[in-house]
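Worksheet: the structure to be examined is printed underneath.
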Amino acid sequence: MLRLYSHRAARRAIECEASFIQATAKKYGVPASWIRGILLKEMTELNAMDLLADLAVRFYYFRYRLYGRLPGTKGQILGKSDSSTGWGQIYAFCAIDSLNYATDRRIARYEDFGLNPGHRLIRNSPDDRWMIWKRLNKDRHFNIEMCALTLRSCAEERTGRQAAPDFSPEEIKQTFTRYNGTVPQINAYAEKAYQYYQYYQEQTAKQL
């Protein structure tokens with residue numbers, strides 16, 4: 001399957017957002033090399049099937065807005081209520097969980113993202129999912145911030161403590177595993193993402 005980003009193109013794109021990633025890392029207490037490593041892993045695996053999945057989500061909510069009710073998905077190619085999207089390949093329901101996690105712990109506020117502070121986001125609400133999915137799909141900075149918040153949430157869930165530069169390789173891999181899914185053991189995704197994390201750690205060390 002033809003990739004949308006080569007490794008070289010992905011690294012260049014991430015470098016163009018270096019200052020924003022660094023600011024986001026500082027803002028949310030997540031090592032910048034974690035964010036960069038995950039972005040490089042996700043971006044270099046993007047392909048035409050991801051674009052088709054995004055199209056399916058758009059078609060699903062087009063029908064939802066047209067008919068005022070949730071469309072069925074059984075047997076329909078273009079019937080998908082959520083998809084991993086953007087540079088960080090984040091699902092809307094995951095971003096909603098991360099936003100609620102951040103607001104509950106006063107790491108961030110809804111209004112920081114232009115969201116209504118009087119309405120708590122609900123992961124199963126089609127209106128909330130569609131609103132957040134569109135942001136994830138179109139707003140690169142929002143997507144990067146949700147990547148950071150999701151990593152922070154994953155770190156706490158898997159290790160019981162906040163993300164920090166002194167995490168052991170095991171703790172980082174556990175965090176990366178949780179970013180990718182719910183399996184308890186460290187998976188191949190995490191091993192590869194950890195290699196990319198190490199690459200960015202080495203690049204940072206060279207600049208010092």
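The values are calculated or read from the model by the stated rules, or taken from the named source; none is laboratory data. Keep in mind that what you see is a predicted model, and the values were worked out from it rather than measured. Don't worry about glycine lacking a Cβ; one is built from the backbone with ideal geometry, like all the others, and counts go over all protein chains shown. The area values use the complete protein model at the heavy-atom level, side chains included, leaving out ligands, DNA and RNA. Shrake-Rupley method; radii C 1.70, N 1.55, O 1.52, S 1.80 Å.
Some observations on this one:
- From the list Thr159, Thr150, the one residue that fits, being under 23 Å from Ala23 (Cα atoms) and either open to solvent by less than 20 Å² (accessible area, probe 1.4 Å) or free of Cβ contacts under 8 Å to residues at least 24 places away in the same chain (or both), is Thr150.
- Among residues of the range 167-208, those that are open to solvent by less than 80 Å² (accessible area, probe 1.4 Å), aliphatic (A, V, I, L, M) and either modelled with pLDDT under 95 or within 17 Å of the chain's Cα centre (by Cα) (or both), counted: 5
- Of the residues making up the range 78-102, those that are hydrophobic (A, V, I, L, M, F, W, C) and assigned to a helix (DSSP H, G or I) are Ala92, Phe93, Cys94, Ala95, Ile96, Leu99, Ala102.
- Failed item, numbered, when Thr204 is tested on (1) β-branched (Val, Ile, Thr); (2) touching a Cys at 6+ places or on another chain (Cβ under 9 Å); (3) touching a residue at least 60 places away in the same chain (Cβ under 8 Å): (2)
- Across the range 120-134, the number of residues qualifying as free of Cβ contacts under 8 Å to residues at least 40 places away in the same chain and buried (at least 18 other Cβ atoms within 10 Å of the Cβ) comes to 2.
- Comparison of Arg152, Arg135, Arg109, Arg140 shows that the only residue that is more than 30 Å from Phe62 (Cα to Cα) and modelled with pLDDT of 95 or more is Arg152.
Here's the yes/no breakdown for (1) surrounded by fewer than 18 Cβ atoms within 10 Å (Cβ to Cβ); (2) touching a strand residue (DSSP E or B) at 6+ places or on another chain (Cβ under 6 Å):
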| residue | (1), (2) |
| --- | --- |
| Arg3 | yes, yes |
| Ala9 | yes, no |
| Met43 | no, no |
| Asn47 | yes, yes |
| Leu52 | yes, no |
| Tyr61 | no, no |
| Arg69 | yes, no |
| Ser81 | no, no |
| Asp97 | yes, no |
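- From Ala32, Ala25, Ala10, Ala56, residue being over 12 Å from Gly86 (Cα atoms), touching a residue at least 24 places away in the same chain (Cβ under 8 Å) and in contact with a Gly (Cβ under 8 Å, 6 or more places away or on another chain): Ala56
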